[in-house]
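First, the structure itself, so that you have it in front of you.
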Amino acid sequence: MSKRLLIVSTLDSSQPFGSFARPFYLGQYLVKYFEVCQVGLDCSAVNYTPSVSIGSRSLLAYIKVLQKYVDEFHPDVVYAQETLPGLASVIALTLRKQKNCSVVLDFHTFSANEYWSRLSSVANPLKEFLLFIKTYIAQGVLVLSGNPIIAAGESTPRLISQWYGRKPNKIYCIGNGVAEDLLNEQFTPTTDPYLELRPAKIVVVVAPKTFQFPSNDMSVLMAIEVAKHLESHHQNIHFVVIGRDVSDVDQPLPANMTFVGFLPERKDFVKYLKNADIGLLPFPKQAVAGGARNKALDYFASKKLVISTPEGLRGLEEFRNLEHLIVTGYSTVEVADAILDAASNLDKYQPLVETAYALIKEKYSWYAKAQAVAEILQETGALIK
């Protein structure tokens with residue numbers, strides 16, 4: 001009989017970016033190994049296993065639902081992703097005095113470090129500082145709880161040691177993956193969504209509005225500056241921002257930039273990525289862009305030439321400049337010059353695209369990541385009563 005796995009996260013089907021991807025796709029493949037139930041904000045997209053939508057980011061709401069499902073589902077392990085679900089899981093199991101159920105935590109990013117690093121560059125430093133304090137305490141509780149941790153970033157174990165003076169006994173690094181619809185080389189050509197912008201080469205920037213984290217806002221502002229610098233080349237290069245509307249920006253846009261808004265249909269998102277020419281990750285150093293790795297992996301899987309600042313590759317150190325992609329400096333001019341060169345010489349950089357795709361296919365599918373997670377859950381003894 002399969003062990004029971006309760007996945008708890010902030011999965012939000014109305015916003016299929018960021019925190020949606022990891023619990024959704026890992027869950028999709030973990031059903032091969034366990035009897036799975038998903039709990040999240042909005043699990044309406046979860047069509048592969050029973051699920052529960054909480055509809056609120058309230059800690060109390062999470063605890064209440066988890067207590068109910070600990071009693072009814074009888075999980076052998078609770079796999080809690082992010083800080084809020086992690087706290088709720090630890091508290092709920094403590095209140096229920098559950099000794100036959102283990103908690104495995106999952107840190108997509110080390111949020112306290114991100115808040116602290118951005119403190120000097122955000123519009124409201126006091127708000128950011130309060131979020132830092134709140135997150136530092138919350139993540140500290142989880143770190144010191146003694147539960148195994150699976151981290152999405154290689155830097156997380158080091159940061160935990162720096163911030164809390166200790167490294168958890170059981171901490172493992174399993175990064176994010178990419179979905180099969182992007183990895184599929186047999187992509188059926190569809191109507192080019194950029195037809196009216198051709199013959200310009202399309203530089204795509206994925207930057208959805210995200211809860212509390214300003215990294216994407218910073219990337220959009222940097223992309224606008226780069227586009228302005230290349231505005232005289234508008235017939236050859238056009239920037240397309242996916243994930244937000246023009247109304248989200250409080251400044252005039254250059255003629256060579258288009259905002260297409262949020263794409264709720266996955267097939268539309270795939271179409272926009274597959275038909276683009278260049279995937280851009282324009283993150284300034286202060287962005288601390290832990291979530292950028294999702295975008296980078298999607299670009300690589302879609303066989304796009306990727307151009308990134310060093311910060312855009314946080315957590316993806318395996319991908320190297322002029323071997324898998326083009327890494328620029330942080331200045332507007334450096335990014336713009338790299339885009340201009342790439343757009344004029346795409347054939348020259350095709351070997352980088354192929355090398356990156358081969359690495360993605362070998363090591364970065366969600367199927368491979370789920371298999372690694374399943375092995376860790378079993379090897380740590382988390383599922384042994």
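Which of the residues that make up region 19-40 are buried (at least 20 other Cβ atoms within 10 Å of the Cβ) and either among the small types (Gly, Ala, Ser) or touching a Lys or Arg at 6+ places or on another chain (Cβ under 7 Å) (or both)?
Matches in region 19-40: Ser19, Ala21, Leu26, Gly27, Phe34, Gly40.
Looking only at region 94-117, count how many residues are touching a residue at least 40 places away in the same chain (Cβ under 8 Å), over 18 Å from the mean Cα position of the chain (by Cα) and over 23 Å from Arg4 (Cβ atoms).
The qualifying residues number 1.
Moving on to the next point. Considering only region 100-140, state which residues are among the aliphatic types (A, V, I, L, M) and surrounded by fewer than 14 Cβ atoms within 10 Å (Cβ to Cβ).
Ala123, Leu126, Leu130, Ile133, Ile137
Out of region 129-188, which residues are of a type in the set (S, T, N, Q) and within 26 Å of Leu377 (Cβ to Cβ)?
If the condition is that a residue be of a type in the set (S, T, N, Q) and within 26 Å of Leu377 (Cβ to Cβ), then Thr135, Gln139, Ser145, Asn147, Ser155, Thr156, Ser161, Asn169, Asn176 are the ones that fit.
Are there any pairs with C-beta distances below 7 angstrom linking a residue in region 129-150 that is free of Cβ contacts under 8 Å to residues at least 40 places away in the same chain to a residue that is part of a helix (DSSP H, G or I) and open to solvent by 80 Å² or more (accessible area, probe 1.4 Å), with the two at least 6 apart or on different chains, and if so which?
Here the result reads Phe132/Trp116, each pair linking region 129-150 to a residue that is part of a helix (DSSP H, G or I) and open to solvent by 80 Å² or more (accessible area, probe 1.4 Å).
Let me ask something else about it. Among what's in region 98-112 and is under 19 Å from Ala21 (Cβ atoms) and either assigned to a loop (DSSP other than H, G, I, E, B) or out of contact with any helix residue (DSSP H, G or I) (no Cβ under 8 Å at 6 or more places or on another chain) (or both), pick the residue that is modelled with the lowest pLDDT.
Across region 98-112, the extreme among qualifying residues is Thr109.
When region 234-253 is examined, which residues are found to be surrounded by 14 or more Cβ atoms within 10 Å (Cβ to Cβ) and within 17 Å of Ala276 (Cα to Cα)?
Just the residues of region 234-253 that are surrounded by 14 or more Cβ atoms within 10 Å (Cβ to Cβ), to begin with: 234, 236-244, 248-249, 253.
Passing the criteria: His234, Asn236, Ile237, His238, Phe239, Val240, Val241, Ile242, Gly243.
On to the next question. Take region 332-364 and flag every residue that is free of Cβ contacts under 8 Å to residues at least 60 places away in the same chain, buried (at least 16 other Cβ atoms within 10 Å of the Cβ) and not in a helix (DSSP H, G or I).
Listed by number, the list holds a single entry, Tyr349.
Could you look through region 43-61, keep only residues that are more than 21 Å from Thr109 (Cβ to Cβ) and outside any loop (DSSP other than H, G, I, E, B), and pick out the one that is most open to solvent (accessible area, probe 1.4 Å)?
Of all residues in region 43-61, those more than 21 Å from Thr109 (Cβ to Cβ) come to 43-56, 58, 60-61.
Within this subset, residues satisfying the condition of being outside any loop (DSSP other than H, G, I, E, B) are 51-53, 60-61.
Working: Ser51: 49, Val52: 20, Ser53: 68, Leu60: 131, Ala61: 28 Å².
Top of the filtered list is Leu60.
Could you list, in sequence order, the residues of region 254-282 that are in a loop (DSSP other than H, G, I, E, B), open to solvent by 40 Å² or more (accessible area, probe 1.4 Å) and either farther than 22 Å from Leu340 by Cβ or modelled with pLDDT under 90 (or both)?
Phe262, Pro264, Glu265, listed by residue number.
Go through the residues of region 299-314 one by one and say whether even a single one is without any contact (Cβ under 8 Å) to a residue 24 or more places away in the chain, of a type in the set (Ser, Thr, Tyr) and within 16 Å of Lys285 (Cβ to Cβ).
No.
From Asn147, Asn169, Asn176, grab the single residue that is crowded, with 21+ Cβ neighbours inside 10 Å, outside any strand (DSSP E or B) and modelled with pLDDT under 90.
Of the residues listed, the single one that is crowded, with 21+ Cβ neighbours inside 10 Å, outside any strand (DSSP E or B) and modelled with pLDDT under 90 is Asn176.
A further question follows. Can you name the residue in region 1-18 that is in a loop (DSSP other than H, G, I, E, B) and aliphatic (A, V, I, L, M) and is also most open to solvent (accessible area, probe 1.4 Å) among such residues? It would help to see each step written out before you state the result.
Filtering region 1-18 for residues in a loop (DSSP other than H, G, I, E, B) gives 1-3, 9-11, 13-17.
Checking the rest, the ones that are also aliphatic (A, V, I, L, M) come to 1, 11.
Details: Met1: 201, Leu11: 0 Å².
If we take residues in region 1-18 being in a loop (DSSP other than H, G, I, E, B) and aliphatic (A, V, I, L, M), then Met1 is most open to solvent (accessible area, probe 1.4 Å).
The values are calculated or read from the model by the stated rules, or taken from the named source; none is laboratory data. This one's a predicted model, so the numbers in the text were calculated from it and none came from an experiment. Neighbour counts are summed over all protein chains in view; Cβ atoms, including those assigned to glycine, are modelled from backbone coordinates with ideal geometry. Side chains included, ligands, DNA and RNA excluded: accessible areas come from the protein's heavy atoms. Shrake-Rupley method; radii C 1.70, N 1.55, O 1.52, S 1.80 Å.
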